[in-house]
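Input: a single structure, listed below in structure tokens.
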């Protein structure tokens with residue numbers, strides 16, 4: 001070992017500190033904007049670089065509206081005999097994990113309380129906590145909107161371009177290339193479409209975001225007609 | 001890289017032809033519909049079109065028309081039964097289209113290389129780099145799935161699944177070398193998914209790493225009782241999970 005050849009009295013041992021490394025990464029990479037309720041240093045403990053944290057935060061932003069609607073959908077059945085408490089528990093559990101991944105630990109903590117209430121079958125506690133969780137998710141979505149670009153999208157001029165992109169998307173889905181599917185979906189979403197088509201494109205986007213392949217294929221078939 | 005548009009019926013699986021061509025060319029698959037081919041030609045601008053005409057019927061003449069209208073000098077190589085070629089014989093008279101009646105990997109590559117004045121032997125004999133190990137990640141949460149893909153895709157081929165059903169389907173299409181499995185999923189949970197995997201002879205020994213969002217003792221014990229190759233509390237740290245995966249592959253290699 002090279003250490004054997006170095007003078008012992010000049011050696012200095014330094015343990016890398018995860019937080020220091022996280023801060024160094026933050027400085028070197030993409031500029032992560034200050035967002036209330038989001039601790040980027042916590043997120044950077046789990047990723048080697050800020051670009052990955054940023055992309056995960058963008059994915060989280062794209063999904064949070066849908067996840068919030070799902071929580072509300074379950075919550076609306078809370079007074080019925082068929083309240084899907086297990087599905088609710090798993091949903092808030094997922095929200096907890098997602099939130100912690102990007103450093104939104106306060107929101108993650110709130111989702112954890114909802115999860116434990118569901119685990120312990122505490123319906124009254126779920127009734128109190130869930131509206132707060134939904135409000136906080138709305139607030140977080142609003143705060144994270146700084147991550148998305150607000151440039152106005154151009155109206156698509158050549159529908160052949162849309163057909164071709166849909167075909168590429170279809171083939172990516174068939175070969176289970178989710179990275180390629182995401183990239184092509186982003187290209188599709190970079191345009192605006194006539195209203196009747198826009199609705200279907202937005203629906204396709206949600207199905208791609210949620211890896212709902214069968215539904216995505218159906219959307220593509222309709223759009224390609 | 002030369003661009004090849006591969007036209008055919010890919011409703012059941014993506015083409016075997018594509019799997020070896022994409023190592024040496026930029027390829028794009030396309031359904032055998034005239035309307036779709038027309039749009040793809042404009043967008044993709046291929047250097048050559050390769051068509052599997054075995055499934056073609058008279059209605060597919062619009063595919064030939066679309067190509068001819070786009071660029072009558074764009075080379076087209078078709079393969080399939082001679083009978084099918086005869087259905088569209090007029091498109092071969094001009095010399096734009098050439099037909100391979102009995103295609104093999106070598107013959108297709110040679111025909112393509114002839115078109116591009118490339119050294120076919122070099123491509124046919126090329127030693128392909130050892131393929132990346134294939135990992136299937138199963139989690140009902142799409143954000144976490146993408147997170148895992150971003151962490152792993154530089155080193156591995158990653159397929160994502162949001163449920164046990166998607167996982168089993170993905171396994172049937174492309175065997176995994178390792179599975180990362182969320183313990184808590186709705187409908188069919190991680191434990192039940194593992195039982196389904198282990199019930200298949202071919203996948204009995206595929207190592208499984210569990211991901212769990214709950215770190216209490218009872219939960220961890222339940223996970224460990226399943227004797228996974230490893231487990232992590234979510235969200236996992238990239239370096240730690242990659243180290244764990246590499247150790248599993250190393251032990252398998254011993």
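The values are calculated or read from the model by the stated rules, or taken from the named source; none is laboratory data. Owing to the predicted nature of the structure, the values given are computational and were not obtained by experimental measurement. Using ideal geometry, Cβ is built from the backbone for each residue, glycine included, and neighbour counts are taken over all protein chains shown.
Please specify each residue of segment B:131-176 satisfying the condition of being more than 10 Å from every other protein chain (Cβ to nearest Cβ) and free of Cβ contacts under 8 Å to residues at least 12 places away in the same chain.
Those that are more than 10 Å from every other protein chain (Cβ to nearest Cβ) and free of Cβ contacts under 8 Å to residues at least 12 places away in the same chain: B:154, B:172.
Can you say whether residue A:34 is away from every other protein chain (no Cβ under 12 Å), closer than 30 Å to residue A:125 by Cβ and at pLDDT 85 or above, as far as the supplied structure shows?
Details: away from every other protein chain (no Cβ under 12 Å): yes; closer than 30 Å to residue A:125 by Cβ: no; at pLDDT 85 or above: yes.
In short, no.
Tell me, which strands (runs of 3 or more DSSP E) lie completely within segment B:20-116 with 2 or more residues that are under 22 Å from residue A:159 (Cα atoms)? Please lay out each step first, then the result.
Values: elements: B:26-31, B:48-52, B:76-79, B:97-100.
Fully inside segment B:20-116 and qualifying: B:26-31.
For segment A:130-176, what are the residues that are outside any helix (DSSP H, G or I), within 11 Å of another protein chain (Cβ to nearest Cβ) and touching a strand residue (DSSP E or B) at 6+ places or on another chain (Cβ under 9 Å)? Spell out the reasoning first.
The initial filter retains those residues of segment A:130-176 that are outside any helix (DSSP H, G or I), namely A:148-158, A:175-176.
Within this subset, residues satisfying the condition of being within 11 Å of another protein chain (Cβ to nearest Cβ) are A:158, A:175-176.
A:175, A:176, listed by residue number.
Considering (1) within 16 Å of residue B:135 (Cβ to Cβ); (2) assigned to a loop (DSSP other than H, G, I, E, B); (3) at pLDDT below 90, say which one residue B:252 fails and leave the rest.
Here residue B:252 meets the rest and fails (2).
So which residues in segment B:54-68 are buried (at least 23 other Cβ atoms within 10 Å of the Cβ) and under 26 Å from the mean Cα position of the chain (by Cα)?
If the condition is that a residue be buried (at least 23 other Cβ atoms within 10 Å of the Cβ) and under 26 Å from the mean Cα position of the chain (by Cα), then B:56, B:63 are the ones that fit.
Do we find that residue B:6 is surrounded by 21 or more Cβ atoms within 10 Å (Cβ to Cβ), touching a residue at least 40 places away in the same chain (Cβ under 8 Å) and at the interface with another protein chain (Cβ under 10 Å from one of its Cβ atoms) in this structure? It would help to see each step written out before you state the result.
On the way: surrounded by 21 or more Cβ atoms within 10 Å (Cβ to Cβ): yes; touching a residue at least 40 places away in the same chain (Cβ under 8 Å): yes; at the interface with another protein chain (Cβ under 10 Å from one of its Cβ atoms): yes.
In short, yes.
Quick check on segment B:16-26. Is at least one of its residues over 26 Å from residue A:162 (Cβ atoms), away from chain A (no Cβ under 14 Å) and at pLDDT 90 or above?
Scanning segment B:16-26 turns up no residue that is over 26 Å from residue A:162 (Cβ atoms), away from chain A (no Cβ under 14 Å) and at pLDDT 90 or above.
One residue is enough: does segment B:113-129 have a residue meeting the conditions crowded, with 17+ Cβ neighbours inside 10 Å, in contact (Cβ under 8 Å) with a residue 24 or more places away in the chain and within 14 Å of chain A (Cβ to nearest Cβ)?
No: zero hits.
Could you please find all residues in segment A:42-56 being surrounded by 24 or more Cβ atoms within 10 Å (Cβ to Cβ) and either more than 7 Å from every other protein chain (Cβ to nearest Cβ) or not in a helix (DSSP H, G or I) (or both)? Can you show your working first?
So the first thing to find is which residues in segment A:42-56 are surrounded by 24 or more Cβ atoms within 10 Å (Cβ to Cβ), and the list is A:43-44, A:46-47, A:53, A:56.
Within segment A:42-56, A:43, A:44, A:46, A:47, A:53 qualify.
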